[in-house]
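A.B. asks: What follows is a single structure, and I will ask about it in a moment.
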Amino acid sequence: MKLSERQVLEVKRKRGELNLKNTELANATGINRHTLGQILNHDHRNVNKSTFYKLNDWLIDQCTSLK
């Protein structure tokens with residue numbers, strides 16, 4: 001599956017808002033920190049289905065927890 005640029009941007013934005021390090025974000029999302037680093041820093045957009053859903057679920061949880 002492929003992550004969109006907007007999804008990656010939202011992950012980066014939320015990571016900044018929460019002031020999380022990459023390792024903390026990896027723990028929060030359940031994604032390997034090396035994979036997460038590649039997604040955030042190296043334009044790695046093709047990911048496994050499980051990684052795709054973990055990132056999406058985390059973003060949805062973060063957005064709905066504000067309400």
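The values are calculated or read from the model by the stated rules, or taken from the named source; none is laboratory data. This structure is a prediction, so every number in the text was calculated from the model and none was measured. Backbone-built Cβ (ideal geometry, glycine too); neighbour counts: all protein chains shown. When the accessible area is computed, the model is the full protein with side chains, heavy atoms only, and any ligands, DNA or RNA have been set aside. Shrake-Rupley method; radii C 1.70, N 1.55, O 1.52, S 1.80 Å.
A.B. asks: Run the accessible area of the chain with a 1.4 Å probe and give the carbon-and-sulfur part as a rounded percent. Intermediate values should be presented prior to the final figure.
C.D. replies: Numbers: 2150 of 4620 Å².
Summing carbon and sulfur atoms, their accessible area is 46 percent of the total for the chain.
A.B. asks: While we're here: Taking a virtual spin label 7 Å from the Cα of Glu5 along the C-beta vector, which residues in the stretch 38-67 bring their backbone nitrogen under 18 Å of it?
C.D. replies: 39-47
A.B. asks: Ranked by accessible surface with a 1.4 Å probe, highest first, in what order do Asp43, Asp57 come?
C.D. replies: Working: Asp43 115, Asp57 85 Å².
In descending accessible area the options line up as Asp43, Asp57.
A.B. asks: Taking every pair of alpha-carbon atoms in the chain, what share in percent sits in each 5 Å bin, from 0 to the bin with the longest distance?
C.D. replies: Cα pair-distance distribution for the chain, in percent: 3, 18, 33, 30, 12, 3, 0.
A.B. asks: So for the chain, averaging the separation of alpha carbon pairs under 8 Å that are six or more residues apart and normalising by length, what relative contact order in percent results? Working shown, then result.
C.D. replies: Values: 42 pairs, mean separation 30.9, N = 67.
Relative CO of the chain lands at 46 percent.
A.B. asks: Then there's this: Compute the angle between helix 5-18 and the longest alpha-carbon principal axis of the chain, please, reported from 0 to 90 degrees and rounded to the nearest 10.
C.D. replies: 40 degrees
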